[in-house]
1. If a helix is a whole DSSP H run, which ones in the chain reach 27 Å or further along their own axis (Cα) and hold a mean Kyte-Doolittle hydropathy of at least 0.0?
2. Would you mind telling me the antiparallel percentage of the DSSP bridges in the chain, rounded to 5?
3. Which order do the peptides 74-85, 299-310 come out in when sorted by mean C-beta neighbours inside 10 angstrom, highest first?
4. Just the number, please: carbon plus sulfur as a percent of the accessible area of region 219-293, 1.4 Å probe, no ligands or DNA/RNA counted.
5. Would you mind working out the accessible area per residue for the chain, using a 1.4 Å probe, and quoting it in Å²?
6. Which loop trypsin sites (Lys or Arg not before Pro) in region 126-174, with loop taken from DSSP, have no more than 14 other Cβ atoms within 10 angstrom of their Cβ?
7. Considering the zone a paramagnetic label at Thr328 would reach in this model (a point 7 Å from Cα along the Cα-to-Cβ line), which residues of region 204-221 have amide N under 18 Å from it?
8. Any chance you could run the full-extension gain for Ala85 through Leu71? It's 0.36 nm times the residue separation minus the Cα-Cα distance, nm to one decimal.
Amino acid sequence: MYAPPPGKQPGPLSRPAPWRARPTSRRARTRHDGGGFREHLRLGRKGLAIGIDIGGTKVAAGVVDADGRILSEARRATPGSDPRAVEQVIVELVEELGRGHRIWSVGIGAAGWMDLDGGTVLFSPHLAWRNEPLRANLQQLLRRPVLLTNDADAAAWAEWRFGAGQGEDRLVCITLGTGIGGAMVMDGRVERGRFGVAGEFGHQIIMPGGHRCECGNRGCWEQYASGNALGREARILAQANSPVAQDLLAAVGGRTELITGAIVTELALAGDPACRELIEEVGEWLGLGLANLAAALDPGLFVIGGGLCSAGDLLVEPARKAFARNLTGRGFRPAAGIQLAALGPNAGLIGAADLSRVSSRARR
């Protein structure tokens with residue numbers, strides 16, 4: 001089912017806002033971010049930690065210091081779906097990285113749902129973890145404190161501590177990739193909800209009766225504002241043999257099934273008009289979803305990360321405009337900022353390591 005991008009609506013009023021403008025400099029923003037709590041973290045444990053980010057194809061690990069710097073790194077291929085094999089890879093990485101460093105703790109970030117205690121993986125979409133007591137298993141193998149967290153939560157924490165979210169006390173992080181992931185850091189805590197599964201922003205229904213989603217519903221946000229959505233819309237355009245898609249078809253040798261969001265982004269950055277238009281539409285859907293989240297959560301800042309963000313301003317500027325058009329109470333309220341993430345693909349392992357270091361102070 002085709003759905004047009006979000007319609008144009010009246011924009012913000014031009015009269016001066018009656019509230020103070022959001023501080024923009026880091027120095028000005030620090031008084032809004034629970035500075036005492038940040039200082040508490042800064043003065044806390046200084047030891048090194050290992051962060052491990054487990055993805056569907058690779059396991060990335062790094063030794064991270066108390067300032068979020070990666071001192072050394074290592075990687076392995078994700079060993080299929082065998083939980084014991086994944087545990088063994090984690091042990092190998094920790095042993096390899098620990099030879100040259102004195103490691104205090106280990107943080108594990110992985111896609112999936114964790115229980116509120118942070119000890120059990122309830123479900124992981126990429127691995128065969130179903131009610132897996134991963135923390136207890138790894139602590140027995142590693143003989144070190146282990147923290148287990150969702151990969152999006154880890155990335156959001158890293159951006160709040162060391163990246164684009166510094167200076168904000170209410171941060172929402174959105175990750176645009178195959179789908180849409182999300183996480184929140186509120187008043188110095190990772191907010192996971194009552195049952196530990198908060199942040200599934202990609203599955204808010206934004207177009208009732210729209211595209212079928214893998215979750216079973218129709219019209220989920222990630223069906224319109226993700227890398228997969230960008231690739232799908234580009235394939236539809238190419239399959240129609242539209243004259244505006246000729247460069248796109250040429251890039252894949254006429255094989256429309258090879259068109260992906262990454263290819264569309266590459267061509268858009270090179271100046272292809274059709275691909276730029278496709279990214280702009282995805283940006284508009286992104287901005288509409290952010291406006292919905294702002295109505296519910298009222299954050300100070302949205303940080304946008306993930307592979308699709310390589311499009312930069314081609315994606316973010318349309319998102320900002322659509323956000324301003326669709327924001328509830330526009331013209332009469334402060335509006336959250338929208339910024340690209342700063343730490344790139346290392347955010348997950350940096351955040352997992354740092355959370356393991358400060359886990360006694362941060363909600364897991």
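1. Result, helices passing both filters: 273-297.
2. Roughly 55 percent of the DSSP beta bridges within the chain come out antiparallel.
3. 299-310, 74-85
4. 52 percent
5. Counting only protein heavy atoms, the per-residue value for the chain is 45 Å².
6. Hits after loop and neighbour filter: Arg143.
7. Answer for region 204-221: 204-208, 221.
8. Here the segment from Ala85 to Leu71 would lengthen by 2.4 nm.
The values are calculated or read from the model by the stated rules, or taken from the named source; none is laboratory data. What you are looking at is a predicted structure, and each value in this text was computed from that prediction instead of being measured. Backbone-built Cβ (ideal geometry, glycine too); neighbour counts: all protein chains shown. When the accessible area is computed, the model is the full protein with side chains, heavy atoms only, and any ligands, DNA or RNA have been set aside. Shrake-Rupley method; radii C 1.70, N 1.55, O 1.52, S 1.80 Å.
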